[in-house]
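The values are calculated or read from the model by the stated rules, or taken from the named source; none is laboratory data. Since the structure is predicted, the reported quantities are computational estimates derived from the model, not experimental observations. We place every Cβ from the backbone using ideal geometry, glycine too, and count neighbours over all the protein chains shown. With ligands, DNA and RNA removed, areas are computed over all heavy atoms of the protein, side chains included. Shrake-Rupley method; radii C 1.70, N 1.55, O 1.52, S 1.80 Å.
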Amino acid sequence: MAGAAVEPVGEIVKTQRTKRPLLVLVAIATAAVILALPTPAGAAGGEIEFDGAGWGHGVGLSQYGAYGRAVEGQSAEQILTEYYQGSSIGQLGVDVPAVDPLFVNVASDKTATTITIIDGPGSGASGVEISRLNGAEPAQTATLFTGDTAVVVDTTPGEGAPGGCTVTLTIGGAETVWGVSEPATAGDCDVSVSLLSGDAGQPDHLVDVSNCRISSCTYGWGTRVGLVDNGSAQRTVPDKVGGQCTGCPEYPGFDIVVELTFDEYVRGIAEVPFTWPTEALKAQAIAARSYAASFALDDHRDEGCFCDVKNDASWQVFAGWVGNRTAWTSWDAAALSTSGQVVTHPVAPTSDIVRAYYSSSNGGASEASAEKWGSSFPYLVSVPDPLSLVSANPRASWTFTEPADEVVDRVWGTSSTLDLVSAEVIATNTSGSAKTVRFIGSSNSGALSTKDVSSQVVASWFGLYSWYFAVDDEALGPIPFIDLEGNIHADNIEYLNQIGAALPCDDGPTSFCPEDPMRREDLAAFMVRALELPPSTTDYFVDDDGYEFEDDINALMQAGITRGCNPPDNDRFCPDNTVTRGQSAAFLVRAWSLTDPGPGDWFVDDDESVFERDIDRIATARITLGCNPPANDRYCPNTKLTRAHMSSFLARALRDLGAP
């Protein structure tokens with residue numbers, strides 16, 4: 001693919017992952033409703049987002065990057081030599097070989113087309129010659145003028161069928177039919193329509209062809225529009241199904257090919273808006289010429305398509321006549337002022353001409369061809385390209401949202417009963433684009449299935465515009481934990497899970513490990529999610545760098561819920577330390593600003609604890625019930641807090657007190 005036409009995109013969006021949706025808890029009156037919420041049984045549901053930027057493959061020139069560079073004053077040569085490292089600008093026929101004419105395939109294997117002559121901008125009225133090869137007979141010819149038509153129809157449109165074409169001419173209202181030769185011979189579909197130039201290089205007439213590959217198929221500059229029979233004597237070998245294999249049938253019908261010079265071809269390229277800065281247009285013209293020349297010199301007039309290049313976006317868009325488009329004279333001037341110029345490099349395999357790949361835009365750096373396609377070239381490496389993200393780029397960012405069940409169908413197949421647990425980019429390319437995406441699914445029993453999928457496949461599955469994307473899986477539904485059966489805190493844990501505040505333990509996404517001690521880092525993560533605390537931009541502690549929940553630790557400090565672990569300096573948080581039940585009371589008191597100790601001295605075992613006042617306050621608020629049911633006259637302040645205990649503390653506080 002050379003380019004992605006005029007529609008664009010931008011950078012990969014690397015935003016902080018958002019929390020899963022939280023329920024709003026505002027009053028005790030809501031408790032009954034919350035308790036009634038169903039807990040999913042084996043169906044996580046939800047959705048994931050692909051947040052990305054850029055459109056196209058990202059290798060070589062970025063069209064929007066070239067636009068941004070031209071706005072900043074760079075020349076076409078500066079633009080091109082930056083995208084194609086170590087390259088220079090050369091001249092066809094001088095520095096590198098020339099190939100003329102160029103053959104552009106605009107339609108393949110067609111069985112019918114209508115050719116219509118329309119007015120051109122020239123002042124003459126010379127008419128257009130149409131001719132057809134006629135086997136051993138002399139060629140049939142006629143002259144067409146504005147409004148005249150020629151309808152070409154394959155009479156036996158089947159693979160391997162030996163028949164030919166009829167050509168029905170309507171000239172000045174009168175109809176003439178060129179029938180199939182008797183006997184039918186290959187070549188009946190070989191029709192040629194001349195492209196004539198009038199005053200000042202402007203064609204008197206334009207040739208419009210129906211049933212072609214793109215919507216606009218009108219031609220003015222060039223030598224001819226040709227219909228080439230798939231069994232034509234013009235071909236070295238016939239165009240066959242499956243290639244040139246022995247016994248393969250020929251394709252039915254004909255190809256439609258435009259024959260013209262390289263400069264005439266570039267004048268008809270329609271890849272970017274013609275209103276763009278001049279140097280960006282020049283860079284595009286040179287890149288387009290280089291791309292076509294590299295194919296023409298590599299395999300001139302390939303037999304399969306009777307062409308050097310095709311005219312769709314997977315090659316580059318050759319629109320033909322563009323003289324009716326806004327600001328087309330600016331593009332025409334750029335094409336003519338760079339006549340014959342191509343990008344060259346001493347190690348380019350096609351006579352030093354660089355195959356100048358380009359696309360609409362990238363995510364802030366171009367892709368290396370080695371990582372994109374597996375072929376390494378010193379001029380197609382990743383280069384920084386922030387100007388690809390200019391404000392003019394309508395796809396500087398984009399988002400695709402996919403339901404979890406559809407992701408499962410893609411990754412594991414439509415017969416899968418797995419729930420999607422997580423999705424994330426686990427490897428990136430030099431440019432920062434995604435290389436590998438890891439999907440994890442869970443069965444009802446909790447068994448996990450992991451699939452690593454290339455970004456190429458993922459982009460194809462979901463129609464993503466480029467490989468520049470990150471995956472946000474925070475909108476997946478709550479993942480049921482499989483290790484809560486029989487645990488007296490199970491309801492409270494599931495409640496926190498419903499509101500996105502219960503995080504799995506290190507055993508995997510479906511395990512909670514309720515009896516594991518609560519680490520200070522994990523406590524921060526639970527509380528930040530339960531309380532929906534805003535993020536902090538301050539790094540408060542020196543010992544939490546690189547920890548998974550460093551952002552949560554800073555948010556907890558910003559909210560005044562933690563003070564650190566090494567008074568009086570308190571520049572450390574001790575994220576790996578476990579939390580005691582006494583310490584948890586202090587965290588909860590600060591979070592809910594509890595001040596009422598009630599009658600005081602609720603428990604018999606906390607008189608020596610520095611947290612006695614805090615313990616009394618959470619007992620008054622009914623956040624704790626004690627640690628020795630049914631008596632519950634003890635709190636066990638020095639006992640390690642378990643993940644299950646903290647879940648019950650938070651669940652009771654949220655239900656009874658609401659969010660602080």
Since V33 meets every condition but one in (1) modelled with pLDDT under 95; (2) surrounded by 14 or more Cβ atoms within 10 Å (Cβ to Cβ); (3) part of a helix (DSSP H, G or I), which condition does it not meet?
(2)
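Return the residues of the stretch 448-470 that are among the small types (G, A, S), in a loop (DSSP other than H, G, I, E, B) and farther than 15 Å from V411 by Cα; say none if nothing qualifies. Walk me through it before giving the result.
Quick first cut of the stretch 448-470, residues among the small types (G, A, S) only: 449, 454-455, 459-460, 463, 466, 470.
If we keep only those that are in a loop (DSSP other than H, G, I, E, B) too, we end up with 463, 466.
If the condition is that a residue be among the small types (G, A, S), in a loop (DSSP other than H, G, I, E, B) and farther than 15 Å from V411 by Cα, then S466 is the only one that fits.
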Checking the structure you have, find out if any residue of the stretch 429-436 is without any contact (Cβ under 8 Å) to a residue 12 or more places away in the chain and farther than 13 Å from A470 by Cβ.
no
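Matching residues to (1) at pLDDT below 50; (2) in contact with a strand residue (DSSP E or B) (Cβ under 9 Å, 6 or more places away or on another chain); (3) surrounded by fewer than 16 Cβ atoms within 10 Å (Cβ to Cβ):
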residue: V6; (1), (2), (3): yes, no, yes
residue: A27; (1), (2), (3): yes, no, yes
residue: A70; (1), (2), (3): no, no, no
residue: S87; (1), (2), (3): no, yes, no
residue: A112; (1), (2), (3): no, yes, yes
residue: T116; (1), (2), (3): no, yes, no
Among the listed residues Y540, Y547, identify the single one that is of a type in the set (F, W, Y) and within 25 Å of P660 (Cα to Cα).
Y540
Members of the stretch 92-110 that are closer than 21 Å to G268 by Cβ and either assigned to a strand (DSSP E or B) or hydrophobic (A, V, I, L, M, F, W, C) (or both):
L92, A98, V99, L102, F103, V104, N105, V106, A107, S108, K110
Would you check if there is a residue in the stretch 292-303 being of a type outside the set (G, A, S), over 29 Å from the mean Cα position of the chain (by Cα) and in a helix (DSSP H, G or I)?
yes
Flagged in the stretch 409-418 as surrounded by fewer than 20 Cβ atoms within 10 Å (Cβ to Cβ) and touching a residue at least 12 places away in the same chain (Cβ under 8 Å), in numbering order, are R410, W412, S416, T417
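Any chance you could count how many residues in the stretch 610-620 are open to solvent by 50 Å² or more (accessible area, probe 1.4 Å) and either within 21 Å of A631 (Cα to Cα) or of a type outside the set (V, I, T) (or both)? If you could, list the steps in order and put the result at the bottom.
Filtering the stretch 610-620 for residues open to solvent by 50 Å² or more (accessible area, probe 1.4 Å) gives 610-611, 613, 617.
Checking the rest, the ones that are also either within 21 Å of A631 (Cα to Cα) or of a type outside the set (V, I, T) (or both) come to 611, 613, 617.
Residues meeting the conditions: 3.
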Condition check: among the charged types (D, E, K, R), open to solvent by less than 50 Å² (accessible area, probe 1.4 Å) and in contact (Cβ under 8 Å) with a residue 24 or more places away in the chain. Does D385 satisfy that?
yes
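Restrict the check to the stretch 394-411 and report whether at least one residue is closer than 23 Å to A470 by Cβ and of a type in the set (K, R).
Taking the stretch 394-411 as the starting set, the residues that turn out to be closer than 23 Å to A470 by Cβ are 394-411.
If we keep only those that are of a type in the set (K, R) too, we end up with 395, 410.
Within the stretch 394-411, one or more residues are closer than 23 Å to A470 by Cβ and of a type in the set (K, R).
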Suppose the filter is in a helix (DSSP H, G or I) and either open to solvent by 10 Å² or more (accessible area, probe 1.4 Å) or touching a Gly at 6+ places or on another chain (Cβ under 8 Å) (or both); does D491 pass it?
yes
Pairs, first over 14 Å from G626 (Cβ atoms) and touching a residue at least 24 places away in the same chain (Cβ under 8 Å) in the stretch 641-656, second surrounded by fewer than 22 Cβ atoms within 10 Å (Cβ to Cβ) and basic (K, R), C-beta under 7 Å, six or more apart:
D656/R622
Would you check if there is a residue in the stretch 267-277 being farther than 14 Å from L102 by Cα, more than 31 Å from the chain's Cα centre (by Cα) and either outside any helix (DSSP H, G or I) or of a type in the set (S, T, Y) (or both)?
no
Got a number for residues in the stretch 510-529 being crowded, with 19+ Cβ neighbours inside 10 Å and under 34 Å from the mean Cα position of the chain (by Cα)?
5
Leading residue by the ranking (surrounded by the most Cβ atoms within 10 Å (Cβ to Cβ)) among those in the stretch 302-318 that are farther than 21 Å from D100 by Cβ and of a type in the set (A, V, I, L, M)
V317
Any residue in the stretch 332-351 that is open to solvent by 50 Å² or more (accessible area, probe 1.4 Å), over 15 Å from R267 (Cα atoms) and at pLDDT 95 or above?
yes
For the stretch 576-609: of the residues being of a type in the set (D, E, K, R) and part of a helix (DSSP H, G or I), which is least open to solvent (accessible area, probe 1.4 Å)?
R581
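For V421, state whether it is in a helix (DSSP H, G or I) and open to solvent by less than 40 Å² (accessible area, probe 1.4 Å).
Working: in a helix (DSSP H, G or I): no; open to solvent by less than 40 Å² (accessible area, probe 1.4 Å): yes.
Taking the combined requirement at face value, the residue does not satisfy it.
Please verify whether L169 is at pLDDT below 90 and either of a type in the set (V, I, T) or part of a strand (DSSP E or B) (or both), treating the condition exactly as stated.
no
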Out of all the residues in the stretch 424-447, which are open to solvent by 30 Å² or more (accessible area, probe 1.4 Å), outside any strand (DSSP E or B) and either touching a helix residue (DSSP H, G or I) at 6+ places or on another chain (Cβ under 9 Å) or modelled with pLDDT of 95 or more (or both)?
T430
With the requirement that a residue be open to solvent by less than 40 Å² (accessible area, probe 1.4 Å) and of a type in the set (A, V, I, L, M), what does the stretch 89-110 give you?
L92, V96, V99, L102, V104, V106, A107
Tell me whether the stretch 552-574 contains one or more residues that are free of Cβ contacts under 8 Å to residues at least 24 places away in the same chain, among the hydrophobic types (A, V, I, L, M, F, W, C) and within 18 Å of R529 (Cβ to Cβ).
yes
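Can you tell me which residue among S369, S359, S397 is open to solvent by less than 20 Å² (accessible area, probe 1.4 Å) and out of contact with any helix residue (DSSP H, G or I) (no Cβ under 8 Å at 6 or more places or on another chain)?
S369
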